[in-house]
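The values are calculated or read from the model by the stated rules, or taken from the named source; none is laboratory data. Just so you know, these numbers come straight off a predicted model, no measurement behind them. Note that we place each Cβ from the backbone using ideal geometry, even for glycine, and neighbour counts take in every protein chain shown. Just so you know, the surface numbers come from the protein's heavy atoms only, side chains and all, with ligands and any DNA or RNA stripped out. Shrake-Rupley method; radii C 1.70, N 1.55, O 1.52, S 1.80 Å.
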Amino acid sequence: MSIIKSIIDNDFYKFTMQFGVTKLYPDVKARYKFINRGQHEFPQGFAAELQKEINAMASLALTKDEKDFFTINCPYLSPAYLDFLQGYRYDPAEVKITQNGTDVEVHVEGYWYRTILWEVPILCLISEVFYKLTNAERIPNNEITKRTSDKVDLYNCLGVTVAEFGTRRRHSYEVQDIVVKELTNHKGKSFVGTSNVHFAHKYGVKPIGTHAHEWFMFHGARYGFKIANSISLDRWVKVYYGDLGIALTDTYTSDVFFGQFDKKLSKLFDGVRHDSGDPIEFGEKTIAHYEKMGINPLFKTIIFSDGLNSEKVEMITKAFKGRIGLSFGIGTDLTNDTNLRPMNIVMKLTEISSIDIKWTGVVKLSDEKNKHTGTPRMIALAKEMLDLDDIPAHDAPEND
């Protein structure tokens, strides 16, 4: 049987962004590229097996129960969008896969409102197919359950809320299923939901997510880097009118973000998400920002989501509990803690075009220099426009 069995086996922010794109940018086209950050060597026949899984996704469709789940739990998604989603079908022709020896390339191209859903399924397919074809043996299911149970015990003891964010780099569908089932059934108040809509539907928990870097990367390429953060957030408010109010901070470095996160936006958004750089430094910076704006940090929330494990969660909690609202989105440490090397893979938006603009490269200038995305030319332009000349060019390889 195919690995992806539901059209909503995807992260929630992909659907929330898709709604925004269908509403505001239906004529925009996009290109995505797979980036093998971990330099994993793929076995012979990998591309063919991946292509088979991609082709099988063409038959997926939103069921009535799934549509009802969206309607009940996500009232900010319009009936028109849900009707569109019910008619949406993956088109494998939008995906190009090639293999040369142990190197695999994956490219996606098409209208943004369509191609936006490919990233997460492709990444989790790459991961599961890789482990399958390399005959990698993971720990047994009962050990996965125990490890998950021990972690949530700690989070309950710390008194923090935790969401499962591990779809993109999960070991497999089966492992994520085991993890979310244990998180749901475990006693305590820490677990608040999952980014995976399919598992949220299956286990009756809240789907968690807002937007990703590509939302900001598009606006930077389309309207200019200097106003990218502010226009991205303004357009988000235009779509959601105050719902889904956690702002992503590090597309053009958090320093640039907070410089553009004015009092109106700071009050309107419920909080911010940390996704790169030192979490303690970021937390202090966020608290200082809210205090500067005359806002009590305890009325706001930071969602930490960068490479978290139990030790990091405990460290961050000790530093900030009682000073600002805290929540944690934990990915690989939950869905790929299997005694195997987790895959270090991403898939990034690389270019956008529209009726009035030709293909234009997009840029991300993360708080971690090795996470920069874009061509050297576009990164240099963004740095110049944002007065970030202190970021060395050699830390910004093309599309990495």
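Would you mention how many residues in the range 186-210 are assigned to a strand (DSSP E or B), under 16 Å from the mean Cα position of the chain (by Cα) and either surrounded by fewer than 18 Cβ atoms within 10 Å (Cβ to Cβ) or aliphatic (A, V, I, L, M) (or both)? Full working, then the answer.
Filtering the range 186-210 down to residues assigned to a strand (DSSP E or B) leaves 191-194, 196, 206-207.
Subset that is under 16 Å from the mean Cα position of the chain (by Cα): 193-194, 196, 207.
Now restrict to residues that are either surrounded by fewer than 18 Cβ atoms within 10 Å (Cβ to Cβ) or aliphatic (A, V, I, L, M) (or both): none.
Matching residues across the range 186-210 total 0.
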remark   = Checked the range 306-351 for anything under 24 Å from Ile116 (Cα atoms), part of a loop (DSSP other than H, G, I, E, B) and in contact with a strand residue (DSSP E or B) (Cβ under 9 Å, 6 or more places away or on another chain); matches are Asp306, Gly331, Ile345
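Inside the range 263-276, can you point out the residues that are farther than 20 Å from Ala163 by Cα, open to solvent by less than 70 Å² (accessible area, probe 1.4 Å) and of a type outside the set (S, T, N, Q)? Show your work before the answer.
At the first step, the residues of the range 263-276 found to be farther than 20 Å from Ala163 by Cα are 263-268.
Okay, now just the ones that are also open to solvent by less than 70 Å² (accessible area, probe 1.4 Å), so 265-266.
The one that is farther than 20 Å from Ala163 by Cα, open to solvent by less than 70 Å² (accessible area, probe 1.4 Å) and of a type outside the set (S, T, N, Q): Leu265.
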query = Identify, please: which residue in the range 86-97 is over 20 Å from the mean Cα position of the chain (by Cα), touching a residue at least 12 places away in the same chain (Cβ under 8 Å) and closer than 18 Å to Trp112 by Cβ and is, among those, most open to solvent (accessible area, probe 1.4 Å)?
reply = Lys96
task = With the condition kept exactly as written, say whether any residue in the range 13-21 is in the same structural domain as Val362 (by the TED database) and open to solvent by 60 Å² or more (accessible area, probe 1.4 Å).
result = no
query = Applying the selection to the range 218-233, what residues are touching a residue at least 24 places away in the same chain (Cβ under 8 Å) and surrounded by fewer than 22 Cβ atoms within 10 Å (Cβ to Cβ)?
reply = Arg222, Gly224, Lys226, Ile227, Ser230
Condition met for Arg170 (under 20 Å from the mean Cα position of the chain (by Cα) and assigned to a loop (DSSP other than H, G, I, E, B)) = yes
inquiry  = Of everything in the range 326-362, what is over 16 Å from the mean Cα position of the chain (by Cα) and of a type in the set (Lys, Arg)? Give them in sequence order.
reply    = Arg341, Lys358
request  = Go through the residues of the range 234-255 one by one and say whether even a single one is over 30 Å from Phe69 (Cβ atoms) and among the acidic types (Asp, Glu).
outcome  = yes
task = Please indicate, with yes or no, whether at least one residue in the range 114-130 is open to solvent by 60 Å² or more (accessible area, probe 1.4 Å) and part of a helix (DSSP H, G or I).
result = no
remark   = Picked from the range 357-400 (must be open to solvent by 20 Å² or more (accessible area, probe 1.4 Å) and among the hydroxyl-bearing types (Ser, Thr, Tyr)), the residue modelled with the lowest pLDDT is Thr375
remark   = Of those in the range 131-154 that are open to solvent by less than 10 Å² (accessible area, probe 1.4 Å) and hydrophobic (A, V, I, L, M, F, W, C), the residue nearest to Trp215 (Cα to Cα) is Val152
query = Are any residues in the range 73-87 in contact with a strand residue (DSSP E or B) (Cβ under 8 Å, 6 or more places away or on another chain) and in a loop (DSSP other than H, G, I, E, B), and if so, which ones?
reply = Cys74
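Out of all the residues in the range 218-230, is one or more out of contact with any Lys or Arg (no Cβ under 8 Å at 6 or more places or on another chain), outside any helix (DSSP H, G or I) and not assigned by the TED database to the domain that holds Asn36?
Keep residues of the range 218-230 that are out of contact with any Lys or Arg (no Cβ under 8 Å at 6 or more places or on another chain), which gives 218, 220-230.
When the remaining residues are screened for being outside any helix (DSSP H, G or I), the result is 224.
If we keep only those that are not assigned by the TED database to the domain that holds Asn36 too, we end up with 224.
Scanning the range 218-230, I find at least one residue that is out of contact with any Lys or Arg (no Cβ under 8 Å at 6 or more places or on another chain), outside any helix (DSSP H, G or I) and not assigned by the TED database to the domain that holds Asn36, so the answer is yes.
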ask   = What number of residues in the range 131-161 are closer than 16 Å to Leu334 by Cα, hydroxyl-bearing (Ser, Thr, Tyr) and not in a helix (DSSP H, G or I)?
value = 1
